[in-house]
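*Asks:* The following block contains the structure, expressed as structure tokens.
Since every read-out is calculated from the coordinates, none of them should be taken as a lab result. Keep in mind it's a predicted model, so treat the numbers as computed, not measured. Cβ placement follows ideal geometry from the backbone for every residue including glycine, while neighbour counts extend to all protein chains displayed.
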2 protein chains.
Amino acid sequence: MKFVIQKDKLVQSVQDVMKAVSSRTTIPILTGIKIVAHSEGVTLTGSDSDISIESFIPSEEDDKENVEVIQAGSVVLQAKFFSEIVKKLPKDIVEIEVGNHHSTTIRSGKAEFSLNGLDAEEYPHLPQIEEENIFKIPTDLLKAMVRQTVFAVSTSETRPILTGVNWKLENGELICIATDSHRLALRKAMIDSENLETYNVVIPGKSLSELSKILDDTNELIEIVITENQVLFKAKNLLFFSRLLDGNYPDTSRLIPADSKTNLTLNSKDFLQAIDRASLLAKEARNNVVKLSTFTDGLIEISSNSPEIGKVSEEIQAEEVQGEELKISFSAKYVMDALKALEGTEINVNFTGAMRPFVIKTTNDDSMLQLILPVRTY
Amino acid sequence: MKFVIQKDKLVQSVQDVMKAVSSRTTIPILTGIKIVAHSEGVTLTGSDSDISIESFIPSEEDDKENVEVIQAGSVVLQAKFFSEIVKKLPKDIVEIEVGNHHSTTIRSGKAEFSLNGLDAEEYPHLPQIEEENIFKIPTDLLKAMVRQTVFAVSTSETRPILTGVNWKLENGELICIATDSHRLALRKAMIDSENLETYNVVIPGKSLSELSKILDDTNELIEIVITENQVLFKAKNLLFFSRLLDGNYPDTSRLIPADSKTNLTLNSKDFLQAIDRASLLAKEARNNVVKLSTFTDGLIEISSNSPEIGKVSEEIQAEEVQGEELKISFSAKYVMDALKALEGTEINVNFTGAMRPFVIKTTNDDSMLQLILPVRTY
């Protein structure tokens with residue numbers, strides 16, 4: 001194998017596939033990046049067996065030459081060293097050549113590295129996915145749907161299925177749900193589907209977070225293929241494979257209350273900042289629990305009391321308060337996470353009592369919903 | 001105590017004194033910040049008993065009112081909570097009032113915090129320093145002198161004296177020296193001294209690092225007072241006290257070779273980057289040791305060989321090579337630290353043999369010197 005490549009293209013591509021490489025793998029060759037030079041360009045692959053990422057650098061693109069392949073071939077190089085090296089090479093052009101025993105020379109300017117490589121034949125094959133049923137979604141919408149749900153997955157392995165996000169595709173609508181059993185985030189969107197297949201799968205939260213980091217903020221369509229145990233995201237010059245989680249995701253629809261007894265309409269930023277301030281004292285002393293009380297005249301009080309340290313209270317003026325008076329305690333972190341995910345300027349908070357889950361939505365937007373369980377305090 | 005203060009002034013001042021507050025102190029009250037309101041303004045103090053910082057916010061400054069003191073008094077508030085709170089207050093104006101049992105109310109907009117305070121009378125007194133012998137130095141020069149030496153102090157407590165920087169003042173010249181016994185950094189400057197006192201003290205490296213972080217990059221003069229066991233830095237509205245280290249600093253003058261056998265003149269950036277690249281493979285495998293070899297025609301090779309991973313070599317063109325041929329091994333980190341500290345574009349490296357310490361200087365600048373011990377390799 002021998003090729004000459006633009007450094008910036010190589011650096012970007014290595015950075016992308018590195019997202020899948022883990023140093024804590026039980027399969028030693030997966031600490032490496034597979035490099036294949038072929039007639040169309042160079043393909044890099046990284047994998048931790050849960051996530052696999054393939055990045056393709058075409059020989060030519062937009063009338064510019066990225067790669068000149070002098071001799072086709074392949075090798076696997078230690079990801080940690082290879083990624084550090086390419087970033088720090090002195091010139092804009094890099095030459096990579098494989099010699100005897102997979103020993104690989106990397107040249108740029110007057111710097112010459114020689115890395116011990118491994119046989120690419122021993123690198124595991126990527127999942128073979130039949131691309132029969134493809135659906136498409138704008139990349140920026142996909143990133144928004146991930147961002148607005150993935151933070152709510154469980155970080156505990158006691159119920160592994162909750163570490164993933166439930167993706168349901170039905171009648172052309174994609175519904176993403178995440179819950180750690182203390183809060184739930186839901187986001188839905190109509191999508192462009194060539195078929196009317198129905199899916200109900202669970203994608204590991206970590207996979208979606210890594211995917212989001214790699215994708216650019218464009219409205220270009222990304223293709224998604226779901227199989228029995230894999231999902232494949234296909235963007236321009238990029239394939240992102242993730243395994244799916246085994247098991248049935250709990251039916252969460254019954255958790256969401258149909259009616260409500262106290263309804264607030266609030267400025268999201270005022271609400272978020274008041275909770276943030278109240279949580280300053282609650283963070284250590286009381287497991288980050290703050291209290292919300294409604295008053296007449298649309299006044300709401302956010303407060304927290306930690307006898308060892310002190311107390312805090314703040315009034316905010318709601319735009320509207322309807323229904324019964326209410327005092328309720330909740331995790332400041334969960335409500336702040338939810339408000340940040342909603343991204344709305346005006347929000348509705350709907351309560352059905354101090355002991356029942358409550359719902360936060362952006363006003364006039366039914367595509368997103370955040371559900372939070374209150375905390376019982378005495 | 002009661003006063004109304006501009007939030008930005010309070011935040012800055014709290015941030016400065018926080019540099020001295022440690023959560024790991026054996027004296028509980030030192031986890032707090034002392035606040036004193038008096039006729040001229042408000043004074044904050046933080047201390048970990050090694051370092052003490054006093055920041056003064058004058059009532060009026062540049063025809064603007066910073067503070068309105070309604071009732072003089074004092075209190076000590078938990079630094080961790082107080083600093084977080086002031087940063088997140090909603091409005092530009094803050095009211096602070098001490099009530100019964102040192103309970104302190106902090107109001108801004110509609111947010112009201114109440115913090116349990118402590119009696120300021122129980123806060124340790126700052127060292128009393130007789131300001132007889134003061135010398136002055138521009139703040140930016142002081143910061144440069146600290147930056148160019150403090151990185152070389154020892155991080156090990158086996159010889160505590162080496163964790164400090166040796167400051168010698170003699171005949172109007174200030175000489176700062178730091179060494180961890182593997183390398184040495186020296187920086188000197190003529191300073192404006194009102195007297196001809198001679199000092200030879202050792203200031204903890206940590207104190208100098210914290211001092212540097214607080215000081216602005218200005219050429220305003222900072223006043224320095226040295227006593228038997230304390231040093232005091234006086235900037236505008238800021239007092240910074242540090243204890244001195246006990247013991248005699250070793251005489252380092254004999255370490256610096258008077259003559260040399262091989263002299264290189266190099267572009268500092270080329271040299272730094274080549275060493276940085278060579279160290280990529282050496283970092284793990286070989287304790288970060290790289291090798292330098294001189295060749296004819298002013299060529300220098302920087303190389304490293306780690307059989308498990310691979311090898312790297314890079315040629316750089318020196319501007320001048322004089323004297324004997326040389327092969328020498330050294331710590332990439334030490335040489336990179338030294339080159340970063342020198343900040344010069346063209347440097348001289350003077351060797352007296354492969355087993356002897358070598359000296360790096362900026363060309364045509366005798367005020368700075370970096371000395372590095374080579375590593376013996378077989």
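*Asks:* For a quick check, take a GNM of chain B with Cα springs below 10 Å and name the residue from B:Asp48, B:Asp192, B:Asp259 with the largest mean-square fluctuation.
*Replies:* It is B:Asp259.
*Asks:* Now a separate question. How large is ³J(HN,Hα) for each residue in segment B:200-211, as worked out from phi by the Karplus curve 6.51 cos²θ - 1.76 cosθ + 1.60 (θ = phi - 60°), to whole Hz, x for Gly and Pro?
*Replies:* With the stated coefficients, segment B:200-211 comes to 8, 10, 10, 9, x, x, 4, 4, 5, 5, 5, 4 Hz.
*Asks:* If you don't mind, there's one more thing I want to ask. Work out the FRET efficiency for A:Glu343 and B:Ser181 from their Cβ-Cβ distance, taking R0 = 60 Å, and round it to the nearest 0.05.
*Replies:* 0.60
*Asks:* If R0 is 51 Å, what FRET efficiency do you get for A:Lys7 and B:Glu84 from their C-beta distance, rounded to 0.05?
*Replies:* Efficiency for this residue pair is about 0.70.
*Asks:* Counting Lys and Arg as +1 and Asp and Glu as -1, what is the net charge of the other residues whose Cβ lies under 12 Å from the Cβ of A:Ile70?
*Replies:* Local charge sum for A:Ile70: -2.
*Asks:* Can you tell me how the protein assembly as shown classifies by the Cα gyration tensor, rounded, prolate or oblate, using a/c under 1.5 as the rounded cut?
*Replies:* Judged from the Cα gyration tensor, the protein assembly as shown comes out oblate (a/c at least 1.5, b/c at or above a/b).
*Asks:* Something else: Could you run the Karplus curve 6.51 cos²θ - 1.76 cosθ + 1.60 with θ = phi - 60° over segment A:68-74 and give me ³J(HN,Hα) per residue in whole Hz, x for Gly and Pro?
*Replies:* 10, 8, 8, 8, 5, x, 7
*Asks:* Follow-up. Can you give the helix-only mean residue ellipticity at 222 nm for chain B, where every DSSP H stretch with n ≥ 4 adds -39500 (n - 2.57) and the sum goes over all residues, rounded to the nearest 500 deg cm²/dmol?
*Replies:* Value at 222 nm, helices only, nearest 500: -6000 deg cm²/dmol.
*Asks:* Oh, and also: Per residue of A:111-122, count partner chain C-beta atoms within 10 Å of its C-beta, then hand back the mean as an integer.
*Replies:* 4
*Asks:* Amide H neighbours of B:Glu61 under 5 Å, counting only residues 5+ apart in sequence or on other chains, H built in-plane at 1.01 Å?
*Replies:* The list, which skips near neighbours in sequence, is B:Asn66.
*Asks:* Select from B:Thr149, B:Thr163, B:Thr105 the residue whose mean-square fluctuation is largest in a Gaussian network model of chain B (Cα-Cα springs shorter than 10 Å).
*Replies:* B:Thr105
*Asks:* Be a star and scan segment B:139-163 for residues whose amide nitrogen sits under 14 Å from the point 7 Å along the Cα-to-Cβ vector of B:Arg24.
*Replies:* In segment B:139-163, the label zone of B:Arg24 (backbone N under 14 Å from the point 7 Å along Cα→Cβ) covers B:156-157.
*Asks:* Would you work out the relative contact order for chain B, in percent, from Cα pairs under 8 angstrom that are 6 or more residues apart?
*Replies:* Averaging sequence separation for qualifying contacts and normalising by length gives 13 percent for chain B.
*Asks:* Sticking with this one: About the Cα centre of chain B, what is the dipole size in debye to 20, counting +1 per Lys and Arg Cβ and -1 per Asp and Glu Cβ, all else neutral?
*Replies:* Value, rounded to 20: 1540 debye.
*Asks:* What is the sum of charges around A:Asn267, taking Lys and Arg as +1, Asp and Glu as -1, for the other residues whose C-beta is under 9 Å from the C-beta of A:Asn267?
*Replies:* Charge balance in the 9 Å sphere: -2.
*Asks:* Here's another thing I want to ask about it. Net charge near A:Asn100: determine it from the other residues with C-beta under 14 Å of the C-beta of A:Asn100, scoring Lys and Arg +1 and Asp and Glu -1.
*Replies:* Spelling it out: positives minus negatives among the neighbours equals -1.
*Asks:* Among B:Ile177, B:Ile27, B:Ile161, which one shows the biggest mean-square fluctuation in a GNM of chain B, springs joining Cα atoms closer than 10 Å?
*Replies:* B:Ile27
*Asks:* Another question, then. Calculate the FRET efficiency for B:Gln71 and B:Lys236 from the Cβ-Cβ distance with a Förster distance of 22 Å, rounded to the nearest 0.05.
*Replies:* 0.25
*Asks:* Using the basic label-point model (7 angstrom from Cα toward the beta carbon), what is the A:Asp217 to B:Gln317 distance in nanometres?
*Replies:* Between A:Asp217 and B:Gln317, the simple spin-label model gives 4.4 nm.
*Asks:* Using the Karplus curve 6.51 cos²θ - 1.76 cosθ + 1.60 with θ = phi - 60°, what ³J(HN,Hα) values do you get for each residue of segment B:232-241, in whole Hz, with x for Gly and Pro?
*Replies:* 10, 9, 10, 10, 4, 6, 9, 10, 10, 9
*Asks:* Can you tell me which lysines have their Cα less than 21 Å from the Cα of A:Lys236? Leave out same-chain residues fewer than eight positions away.
*Replies:* A:Lys7, A:Lys9, A:Lys19, A:Lys34, A:Lys64, A:Lys136, A:Lys143, A:Lys213
*Asks:* Which of the aspartates and glutamates could a cross-linker bridge to A:Lys311, judged by Cα under 18 Å and excluding same-chain residues fewer than eight apart?
*Replies:* A:Asp276, A:Glu284, A:Glu301, B:Glu84, B:Glu95, B:Glu97, B:Glu112
*Asks:* At 7 Å along the Cα-to-beta-carbon direction for both A:Arg243 and B:Thr198, put a label point, then send me their distance in nm to one decimal.
*Replies:* 7.4 nm
*Asks:* Scan around A:Glu346 for amide H atoms under 5 Å from its own, H built in the peptide plane at 1.01 Å from N, and keep only partners 5 or more places away or cross-chain.
*Replies:* A:Ser268, A:Thr363
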